[in-house]
Amino acid sequence: MTKLIYSSNHGGLSSGALDSILHSSRSNNDREDITGVLVVGEEDFLQILEGERSAVAECFMRIMQDDRHKDIRIMLAGKKSSRSFSKWSMHCVKTSGAKRAIISRYYIDGVFDPSRMSQDALEELFQTLAACK
């Protein structure tokens, strides 16, 4: 089992574009047995993917080719003993939504900026989101 956490900049999305991303991600992830969470900020994505290494790598290659993702950064990658998000092929958490109280603890200078988060903060955020499922 592999986990991959990356961030990217989307520069602002319409709700239709986000719906399209979620629809295709859920379909692909169900087929490839990938689970995870997509955190959507005003300008940035932060995502964790869990699954077999080759499936996660193929998924990430698709993300890298998607022009809705800019400045893609791998934040953390490695082995994982079990899934944290086994029930979610791709759950979406908006920083402006119900879990804002959780996510706002990880704001830097009042902004959701995953590229500036420490590895410890990334792990803690996703552990907290997993506990909320």
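A short reminder: the numbers here are calculations on the coordinates, not readings from a lab. Keep in mind that what you see is a predicted model, and the values were worked out from it rather than measured. A quick note on method: Cβ atoms are made from the backbone with ideal geometry, for glycine too, and the neighbour counts reach across all protein chains shown.
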**Study point:** Amide N of region 28-65 lying under 11 Å from the label point, which is placed 7 angstrom from the Cα of Ser115 along Cα→Cβ
**Key:** 44-45
Practice item. Only bridges with both residues in region 16-133 count here: give the DSSP antiparallel percent, nearest 5. Key: 65 percent
Point to revise | Interchain or long-range residues, amide H under 5 Å from Ile108's placed H | key: Asp113
Point to revise | Cα radius of gyration and Dmax for region 2-132 (Å) | key: 13.5, 39
Exercise for review: State, in angstrom, two size descriptors of region 1-71 derived from its alpha carbons: Rg to one decimal place and Dmax to the nearest whole number.
Suggested key: 11.6, 33
